[in-house]
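See below for the structure under consideration.
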Amino acid sequence: MRFIKGVRGFTATELLVVTTLLSSIPATSYIGVKNKALQIQCASNLRQIGLAVRMFIMSEGKYPNALFYPKEPLKDPRSIVVILRPYGVKESVFICPTAPPVLKNKGLTYLWNDELSDKPPSRIRNPSKVWMMVDITAVDKRVSSHLGGYNILYADGHVSWSSSPPPLKPSK
């Protein structure tokens, strides 16, 4: 085998560095795409809950009398999960796909704004600004589920992402 004088090849270290850099680009992109997909799934869950709340309001004339976060979300009669069962919402819809497993196991990973409980919609002054449900991780500002922010369902039924949680204060 003949070598050309002055032409040098790549070292194993250089090849390893380039390979590592090139292989990390798709992985980083994949993680970002996956996180965005989970954020969208969470927003879809909240929209479905919002539709069920609308059906409840059409039937009862007021918002559900639900708790901020019940001790037993799948059993408590004042749990939003139990209240909306007759309106065809699957229990899986009440679970954000990015929530920690300990919260997923409880069956509810969203908080209900109990200041809306038992109120007719006509008493809500600006429903597009009043939050109805939010990711449970909003109670701990150091932890956010979705790319540094939170999905929020508003009283008018729209869902939006925010970098900060709404003001949280259980009324009861």
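The values are calculated or read from the model by the stated rules, or taken from the named source; none is laboratory data. Keep in mind that this is a model prediction, so the values were computed, not measured. Every residue, glycine among them, receives a Cβ derived from its backbone with ideal geometry; neighbour counts consider all protein chains shown.
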Original post:
In region 35-44, is there at least one residue being exposed (fewer than 10 other Cβ atoms within 10 Å of the Cβ), modelled with pLDDT under 85 and either of a type in the set (Phe, Trp, Tyr) or assigned to a helix (DSSP H, G or I) (or both)?
Top reply: no
Subject >> Residue, surrounded by the fewest Cβ atoms within 10 Å (Cβ to Cβ), within region 46-77, restricted to residues that are touching a strand residue (DSSP E or B) at 6+ places or on another chain (Cβ under 8 Å) and in a helix (DSSP H, G or I) >> reply: ARG47
